[in-house]
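In what follows, a structure is listed as structure tokens, so that the remarks can point back to it.
The values are calculated or read from the model by the stated rules, or taken from the named source; none is laboratory data. Just so you know, these numbers come straight off a predicted model, no measurement behind them. All Cβ positions, even for glycine, are placed from backbone atoms using ideal geometry, and neighbour counts span all protein chains on display.
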Amino acid sequence: MLKHLLSGADLDAATATLILDTAGEMARLAGREVKKLPALRGRTVVNLFYEDSTRTRISFEAAAKRLSADVINFSAKGSSVSKGESLKDTALTLQAMGADAVVIRHPASGAPHTLANWIDGSVLNAGDGTHEHPTQALLDAYTMRSRLGRVAGLSVAVVGDVLHSRVARSNVLLLATLGAKVTLVGPPTLIPVDIGTALAPGTEVSYDLDAVLPTADVVMMLRVQRERMADSYFPSAREYARRYGLDGPRMRRLPDHAIVMHPGPMNRGMEIAPEVADSSRSTIVEQVTNGVSVRMAVLYLLLGGMDR
Amino acid sequence: MAYPQAAQPPPVPPPSVKVILTSAELARVVDRIAHQILEKTQGAAGTVLLGIPTRGAPLARRLAARINAFEGIDVPVGVLDITLYRDDLRRHAVRAIGPTDVPAEGIDGKRVILVDDVLFSGRTVRAALDALSDIGRPSSVQLAVLVDRGHRELPIRADYVGKNIPTALAESVRVTLAETDGADEVKLIGGPA
């Protein structure tokens with residue numbers, strides 16, 4: 001098993017499948033009266049969040065607590081970071097406190113890789129800049145498997161702001177490893193030209209959502225990052241919603257079994273219509289539930305065994 | 001110039017293998033435990049059999065099948081994976097966890113009989129007791145094992161024992177079952193030839 005989880009590319013098919021299987025067992029434990037397991041008793045997990053996050057931080061916190069680990073939450077606001085402490089000094093502080101694992105979210109791509117060189121414990125990437133978010137890709141794969149029975153052979157359309165999306169990058173890597181066919185869909189300004197060949201050969205690119213929908217098993221909508229709207233990647237929010245938003249009529253063009261995913265937080269009425277978000281095809285709430293099980297599996301598999 | 005040859009260790013003789021239970025004997029032992037369970041629990045009412053993976057699970061199913069054959073009672077059977085409750089998790093590479101499958105009626109107020117293949121240190125059973133207490137509150141817990149090989153490290157004993165085998169610590173007991181290994185047999189490996 002791995003020591004760190006930094007990228008979707010760290011996982012081969014066997015390891016990814018082991019994580020998904022373990023997550024399945026963890027999910028069954030969530031239905032019991034006592035949801036706590038003693039597997040990580042005495043271990044310390046630090047949530048080191050340099051960016052705002054609700055679901056990822058809470059999800060990691062719930063996962064670690066259900067495995068009986070001690071959780072320390074660190075958010076950059078109101079900490080010594082606002083006094084100018086560097087990532088390295090923060091890392092050394094955590095190291096000195098005996099952190100067995102650090103879950104890090106950072107606005108700079110590559111920060112978790114750098115951190116992994118400084119500390120002895122495991123590092124879990126919970127989102128770095130526009131780079132990667134591997135546990136999101138794992139929970140997405142888990143959701144596909146639980147809804148559709150498999151991942152291999154599925155046609156997955158990833159729609160929206162691929163350029164800035166760490167969710168898209170990790171998903172492309174992991175889904176290719178697990179044998180799914182990924183098509184990236186969005187306006188040309190938001191899809192890097194060489195992204196398919198750079199990440200996983202076989203990844204396709206399309207600028208026409210309507211052409212992709214009839215053959216998609218999974219449509220994964222990405223959040224339009226409003227904070228980047230001023231950079232004129234597209235003329236207006238309304239035009240974006242018209243061309244790349246998933247509304248009711250578009251949803252009805254999907255095959256009957258197809259599911260609609262969204263990593264959240266979503267902009268209702270922008271990339272996804274409320275009618276779609278609340279439909280039975282939508283897995284948005286399931287994804288949050290599955291996130292806890294998948295993160296429990298990852299924490300157990302990284303920390304449950306012998307120290308290395 | 002050639003490097004001097006490293007001294008070769010003396011060849012290790014293959015460990016001795018002694019068959020303790022053949023397939024037919026194993027079947028008779030399972031029958032006897034099934035009868036003992038019926039006798040000691042006054043007809044196995046309110047009883048749940050929980051097998052501890054890997055080989056406790058098929059053993060529990062066999063016991064239930066034999067109880068059904070003798071008395072026509074359906075005893076609920078389940079599987080209890082104890083991996084996450086082990087006290088030696090940090091001494092080994094990480095272990096994959098297996099399925100836990102508790103009968104739908106639950107274990108609250110029931111007599112739970114844990115079923116395992118070999119009783120040795122008692123640490124597996126301790127972990128199973130911890131796991132049980134997180135699932136519910138049985139009225140009582142009993143333990144059935146195919147082989148008791150001694151060397152307990154915890155104050156634990158079995159209520160139903162298929163066969164007591166006095167062993168040395170250096171020896172190992174190997175149980176194979178048709179469901180998991182293709183054939184029924186119990187062997188003692190590594191004893192004095």
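Yes or no, residue by residue, for (1) within 25 Å of residue A:240 (Cβ to Cβ); (2) of a type outside the set (Lys, Arg); (3) touching a strand residue (DSSP E or B) at 6+ places or on another chain (Cβ under 6 Å):
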position: A:150; (1), (2), (3): no, no, no
position: A:175; (1), (2), (3): yes, yes, yes
position: A:180; (1), (2), (3): no, yes, yes
position: A:183; (1), (2), (3): yes, yes, yes
position: A:197; (1), (2), (3): no, yes, no
*Would you mind telling me which numbered condition in (1) out of contact with any Pro (no Cβ under 7 Å at 6 or more places or on another chain); (2) of a type in the set (A, V, I, L, M, F, W, C); (3) part of a loop (DSSP other than H, G, I, E, B); (4) at pLDDT below 95 residue A:254 fails?*
(4)
*Got at least one residue in the stretch A:194-206 being in a strand (DSSP E or B), at pLDDT 90 or above and surrounded by 20 or more Cβ atoms within 10 Å (Cβ to Cβ)?*
no
*asked:* For the stretch A:13-31, give me each residue that is free of Cβ contacts under 8 Å to residues at least 60 places away in the same chain and touching a helix residue (DSSP H, G or I) at 6+ places or on another chain (Cβ under 6 Å).
replied: none
*If you go through the stretch A:145-159 one residue at a time, how many are surrounded by 17 or more Cβ atoms within 10 Å (Cβ to Cβ) and closer than 27 Å to residue A:188 by Cα?*
6
*asked:* Need a quick list: helices (runs of 4 or more DSSP H) entirely within the stretch A:1-119 having at least 2 residues that are more than 14 Å from chain B (Cβ to nearest Cβ).
replied: A:55-66, A:87-96, A:111-118
*Looking at (1) crowded, with 20+ Cβ neighbours inside 10 Å; (2) at pLDDT 95 or above, which is the one condition that is false for residue A:240?*
(2)
*How many residues does the stretch B:74-93 hold that are crowded, with 20+ Cβ neighbours inside 10 Å, within 7 Å of chain A (Cβ to nearest Cβ) and of a type outside the set (Ser, Thr, Tyr)?*
2
_Selection from the stretch B:117-137 of residues that are more than 9 Å from chain A (Cβ to nearest Cβ), part of a helix (DSSP H, G or I) and farther than 19 Å from residue B:99 by Cβ_ = B:123, B:125, B:126, B:129
*Being without any contact (Cβ under 8 Å) to a residue 24 or more places away in the chain and in contact with a Lys or Arg (Cβ under 7 Å, 6 or more places away or on another chain) is the filter; apply it to the stretch A:243-296 and report the residue that is farthest from residue A:125 (Cα to Cα).*
A:274
